[in-house]
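The values are calculated or read from the model by the stated rules, or taken from the named source; none is laboratory data. Predicted model, so just to flag it, every value in this text is computed and none were measured. Please note: Cβ atoms are built from the backbone with ideal geometry, for glycine as well, and neighbour counts cover all protein chains shown.
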Amino acid sequence: MAILALDYGTKRIGVAISDETKTFAWAKTTILNKNFESVLSQLQEIINQENIELLIIGTPKGIELKPSKIVKEIEEFVEKLKVHISIPILLWDETLTTRMAIETFQKNGAKLRDKDSEAARIILQEYLDFYAEKSKLK
């Protein structure tokens, strides 16, 4: 089973997926955020095809570590999702992940293809690394 992560935006939602061992994260796709039904349909398809056991959704705290303006919209999105999907949903701090994604592309001399799915990959990799380190301490 794998883990799915989302970088939620009002126009686009970046999607990333882990490997089965929950060690590595890969950018998967970007979903256009036109309406909830369309987003839900695409997410359900990915969840079923990829055997997803957990959904992580990034929530930005902002530089001052206070909730940003989009947090309320993300929370409403999560509440709608909970009605339609049965896997657990976890909110994870994603402060500055989009900026990190842009810097990664610039540093590697690559064109900025898909900053949204790359931001989702960063969110997921941070989660995977955190829990890998935590399990080492046990």
Open item on the list: Taking the criterion of being modelled with pLDDT of 65 or more, assigned to a helix (DSSP H, G or I) and more than 13 Å from residue 7 (Cα to Cα), would at least one residue in the stretch 109-124 satisfy it?
Closed with: no
Open item on the list: Looking at the stretch 40-55, I want the residues that are surrounded by 14 or more Cβ atoms within 10 Å (Cβ to Cβ) and have a partner that is assigned to a helix (DSSP H, G or I) and β-branched (Val, Ile, Thr) with Cβ atoms under 8 Å, at least 6 apart or on another chain. Which pairs are those?
Closed with: 52/46; 55/47
Task: Flag if residue 53 is at pLDDT 95 or above and assigned to a helix (DSSP H, G or I) - done: no
Open item on the list: Any residue that is at pLDDT below 95, in contact with a helix residue (DSSP H, G or I) (Cβ under 8 Å, 6 or more places away or on another chain) and part of a helix (DSSP H, G or I) - is there at least one of those in the stretch 87-99?
Closed with: yes
- [ ] Sort out which residues of the stretch 4-17 are out of contact with any Phe, Trp or Tyr (no Cβ under 9 Å at 6 or more places or on another chain) and assigned to a loop (DSSP other than H, G, I, E, B), and write them in order of number.
- [x] 9, 10, 11
Task: the stretch 20-50: number of residues that are within 17 Å of residue 117 (Cβ to Cβ), acidic (Asp, Glu) and either at pLDDT below 95 or touching a strand residue (DSSP E or B) at 6+ places or on another chain (Cβ under 7 Å) (or both) - done: 1
Open item on the list: Quick check on my filter: what residues within the stretch 20-32 are surrounded by 17 or more Cβ atoms within 10 Å (Cβ to Cβ), in contact (Cβ under 8 Å) with a residue 24 or more places away in the chain and not hydroxyl-bearing (Ser, Thr, Tyr)?
Closed with: 22, 25, 27, 28
Task: Scope the stretch 18-49; condition aliphatic (A, V, I, L, M), in a strand (DSSP E or B) and out of contact with any Asp or Glu (no Cβ under 6 Å at 6 or more places or on another chain); matching residues - done: 25, 31, 32
